[in-house]
Amino acid sequence: MTRWLEPHEQHTWRSFVAATRALMDALDRQLQRDAGIPHAYYEILVRLSEAPRRQLRMSELAEATSSSRSRLSHAVARLEESGWVRREDCPTDRRGQIAVLTEKGFGVLSAAAPGHVESVRENLFDLLSPAQVDQLRDITETMVANIDPNRATS
């Protein structure tokens, strides 16, 4: 038997969907306007910047960014064209490749980061009390732990 949403749950669900879409759209618009890159490419640069030696296997990068391998490969190809990322063969696996953040890519990320962080603050954290921030973290960590226990929330 289907457990339909109660009216207050339906309202909460729709508010959640609208809020997450609006937030991601606002972040993407800001990055496109100020840095000329979509949020998905920014996330790839961030993940590489945080990795040891600023490099990750393509399969690990796909997992970290919740991308399919083909979608990630296309994105990395575009980042390679800009000179922000390069691919190298994996020394331990002939079929594998490693994505490496270049100095130019790190510079682009460093220039884009302040505006992105300000947009995150303006569109999320500045709107919430410290207690609401704690609640949001608890809620989202609970969701991630249930939906995908292997996914890190950091």
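The lone criterion from (1) free of Cβ contacts under 8 Å to residues at least 60 places away in the same chain; (2) over 15 Å from the mean Cα position of the chain (by Cα); (3) buried (at least 17 other Cβ atoms within 10 Å of the Cβ) left unmet by THR65 is number (2).
So which of VAL76, VAL108 is touching a residue at least 60 places away in the same chain (Cβ under 8 Å), surrounded by 13 or more Cβ atoms within 10 Å (Cβ to Cβ), part of a helix (DSSP H, G or I) and of a type in the set (Val, Ile, Thr)? Within the list VAL76, VAL108, the selection yields VAL108. Quick check on region 126-134. Is at least one of its residues touching a helix residue (DSSP H, G or I) at 6+ places or on another chain (Cβ under 6 Å) and surrounded by 12 or more Cβ atoms within 10 Å (Cβ to Cβ)? No: zero hits. Scanning region 1-31 for residues that are among the aromatic types (Phe, Trp, Tyr) and surrounded by fewer than 10 Cβ atoms within 10 Å (Cβ to Cβ) yields one hit, TRP4.
Somewhere in region 79-88, is a residue in a loop (DSSP other than H, G, I, E, B) and either in contact with a helix residue (DSSP H, G or I) (Cβ under 6 Å, 6 or more places away or on another chain) or at positive phi (or both)?
Of the residues in region 79-88, the ones in a loop (DSSP other than H, G, I, E, B) are 82-84.
Checking the rest, the ones that are also either in contact with a helix residue (DSSP H, G or I) (Cβ under 6 Å, 6 or more places away or on another chain) or at positive phi (or both) come to 83-84.
Within region 79-88, one or more residues are in a loop (DSSP other than H, G, I, E, B) and either in contact with a helix residue (DSSP H, G or I) (Cβ under 6 Å, 6 or more places away or on another chain) or at positive phi (or both).
Can you say whether VAL100 is surrounded by 15 or more Cβ atoms within 10 Å (Cβ to Cβ) and either within 19 Å of the chain's Cα centre (by Cα) or at pLDDT 95 or above (or both), as far as the supplied structure shows? Yes; evaluated as a whole, the condition is true for this residue.
The values are calculated or read from the model by the stated rules, or taken from the named source; none is laboratory data. Because the structure is predicted, anything quoted here is derived from the model rather than measured. Backbone-built Cβ (ideal geometry, glycine too); neighbour counts: all protein chains shown.
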